[in-house]
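Heads up, the thing below is written out as structure tokens.
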6 protein chains.
Amino acid sequence: MNKVEEFRNYRKLMNERILKSDNKVIKRIFSIDTLAYNEGFLDSKTKEIVGLACSLVLRCDDCVKYHIEQCYKLGLKEEEFFEVLSIANLIGGTIVIPHLRRAVEYWDELVKFSK
Amino acid sequence: MNKVEEFRNYRKLMNERILKSDNKVIKRIFSIDTLAYNEGFLDSKTKEIVGLACSLVLRCDDCVKYHIEQCYKLGLKEEEFFEVLSIANLIGGTIVIPHLRRAVEYWDELVKFSK
Amino acid sequence: MNKVEEFRNYRKLMNERILKSDNKVIKRIFSIDTLAYNEGFLDSKTKEIVGLACSLVLRCDDCVKYHIEQCYKLGLKEEEFFEVLSIANLIGGTIVIPHLRRAVEYWDELVKFSK
Amino acid sequence: MNKVEEFRNYRKLMNERILKSDNKVIKRIFSIDTLAYNEGFLDSKTKEIVGLACSLVLRCDDCVKYHIEQCYKLGLKEEEFFEVLSIANLIGGTIVIPHLRRAVEYWDELVKFSK
Amino acid sequence: MNKVEEFRNYRKLMNERILKSDNKVIKRIFSIDTLAYNEGFLDSKTKEIVGLACSLVLRCDDCVKYHIEQCYKLGLKEEEFFEVLSIANLIGGTIVIPHLRRAVEYWDELVKFSK
Amino acid sequence: MNKVEEFRNYRKLMNERILKSDNKVIKRIFSIDTLAYNEGFLDSKTKEIVGLACSLVLRCDDCVKYHIEQCYKLGLKEEEFFEVLSIANLIGGTIVIPHLRRAVEYWDELVKFSK
């Protein structure tokens, strides 16, 4: 199994397990998480770019993977992707670089996988 | 002196003091900081929105103020501003709320000051 | 005006301003924030202790103040308060100490104010 | 070897290696770490809940695993466990969700392993 | 009262208040905090430089002030000070810049005050 | 392949991939990253110690590995290494301990590999 499928399967499996717990607070946070990136005054692509950049500066690899998937679906181009990375790198510093490596690796796998 | 002028003056004064130290590394970081938000594959407004959201989740009030100023100059509307805030709040959690309060206060002062 | 009233007034004023914006995502996060600390399988006091400790290790002074107020209302004693502080200090390191200082200062003001 | 044993073995092995270095500062921090969660004005279970929640918002998977083990030993029930997770998720935001997934996975493995 | 005296007085006052609580965990952390920066295999100046840089990347202004005082006492020169700042800025990113401003301001006040 | 080679190969491969993107901002940050640790008013060893400690408190395992390699090349001794770890542990708290484990493991592998 490649990295893309591995990530998607684990995410799906564990999200279902978490929601099965029937904790109201967690369920509501999960449902807001869908709502927040819908088209609004800002379009979804801009919002997902924001999600990607925030995930990078907060250095959460799984969050980065998720937002890479969403950005890619919404048509983000490679040059734009690297600009998001560059701003995150500048704001968050060199400490973000290892996450840049894994982000670019995932982007490349996703592009290959999507063909 | 109002909060807008106070922030701008202190920022300008201390940036000059820092650059006078003639430390090459700091000077280069400062110069990249200008470069990074220029029009590119992504437009400046999108980049400044990213800067604002990252500053919020990293909970840096002065960075938030700076990017609010840049966003405002580039025509960000209040409804859009609150959407940036909402995504930062969701990603960064309730710990971001005190920074939301100060961000909205600064936005309101800036709007008033700019009239 | 003392620190307790100052904090409460600013918090109330800005929360109202934020909610007036009518952003659905923010409104829902604010409403979950009330829900989450209600009596459940864990009692409210335990939950507020958790809120206080998390605010300390994340080093958010305003969040600390808020949870100090809630803990105090729910009968947290000074010895218990310092035990919460001690675990936060241990987990979060000496970087948390300046926030301990401000937490204790606020606790003392609140006790005095509540008499 | 399952995840529970793997974690315990690595933790034990490396703690011994670290303590063998005979660095006084590290040794004292390790010894306070035992002291801090003892019964006090707050009971051990409450303290371990605090340890778990702080580890989640600081997003340290190994710390989460350790406190899950301690909480489980002290009788934390699954419903209580999810309430701790929910508060951490709310305070720390959606960035905490990947750590929730791994926490729940570890909890499930621990329950299975302990039977 | 200038910023140097204000910081020192508040720090002293609140440390005394905290230690008066007689919480063993906090007292031990405070006492390790003194021990850790003593001459060892590394000299105190190197250790205080480390303390300063860590405080900057963790963005704790009061910790920065404290380590500036210690570094200054141990003979750190302005050029060296700016090199510490530059590495912290690079590692921690532009989000550290507001803390650089306040660090330089405090350094300048300390130099003036110490004359 | 051992952990040292694995880390070096992945780092080299992905850095090349990132730089191939020809994003100016990222390229400049990478080039400053080389510049910053050169001999200056502070010597390279002190700067790399700072890099190591900052990486530890920011809890970035790959950054820790990189600076361990640099420190080792510049002659850092094991006793000094543990003193850097101890200060990072004190400042950053027990949340840093899992990163200490992996740092010591990598140090040991590097020493063995370098023989």
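Before moving on, here are some points about what is shown:
- Residue tally, condition aromatic (Phe, Trp, Tyr) and surrounded by 19 or more Cβ atoms within 10 Å (Cβ to Cβ), over segment C:36-50: 1
The rows are residues; the columns are (1) more than 14 Å from the chain's Cα centre (by Cα); (2) more than 7 Å from every other protein chain (Cβ to nearest Cβ); (3) open to solvent by 20 Å² or more (accessible area, probe 1.4 Å).
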| position | (1), (2), (3) |
| --- | --- |
| A:LEU52 | no, yes, no |
| A:VAL57 | no, no, no |
| A:ILE87 | yes, no, no |
| A:LEU100 | no, no, no |
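- A single member of B:ASP61, B:ASP33 is open to solvent by 10 Å² or more (accessible area, probe 1.4 Å) and at pLDDT 95 or above, and it is B:ASP61.
- Any hit, segment A:91-98, residues being in contact with a Cys (Cβ under 7 Å, 6 or more places away or on another chain), within 14 Å of chain E (Cβ to nearest Cβ), surrounded by fewer than 23 Cβ atoms within 10 Å (Cβ to Cβ) and β-branched (Val, Ile, Thr): yes
- Condition met for A:ARG28 (under 20 Å from B:LEU90 (Cβ atoms), within 14 Å of chain E (Cβ to nearest Cβ) and not acidic (Asp, Glu)): no
- Residue match in segment F:7-26 (condition: open to solvent by less than 40 Å² (accessible area, probe 1.4 Å), more than 26 Å from D:LYS65 (Cα to Cα) and not in a helix (DSSP H, G or I)): yes
- Filtered residue count, segment E:31-45, keeping only those that are at the interface with another protein chain (Cβ under 7 Å from one of its Cβ atoms) and more than 17 Å from F:LYS77 (Cβ to Cβ): 4
- Under the condition of being crowded, with 20+ Cβ neighbours inside 10 Å and in contact (Cβ under 8 Å) with a residue 40 or more places away in the chain, the residues counted in segment D:70-85 number 0.
The values are calculated or read from the model by the stated rules, or taken from the named source; none is laboratory data. It should be emphasised that the depicted structure is a prediction, and the values quoted were computed from it without experimental measurement. As a convention, Cβ positions derive from the backbone with ideal geometry for all residues, glycine included, and neighbour counts pool all protein chains shown. Heavy atoms of the whole protein, side chains included, go into the accessibility calculation; ligands, DNA and RNA do not. Shrake-Rupley method; radii C 1.70, N 1.55, O 1.52, S 1.80 Å.
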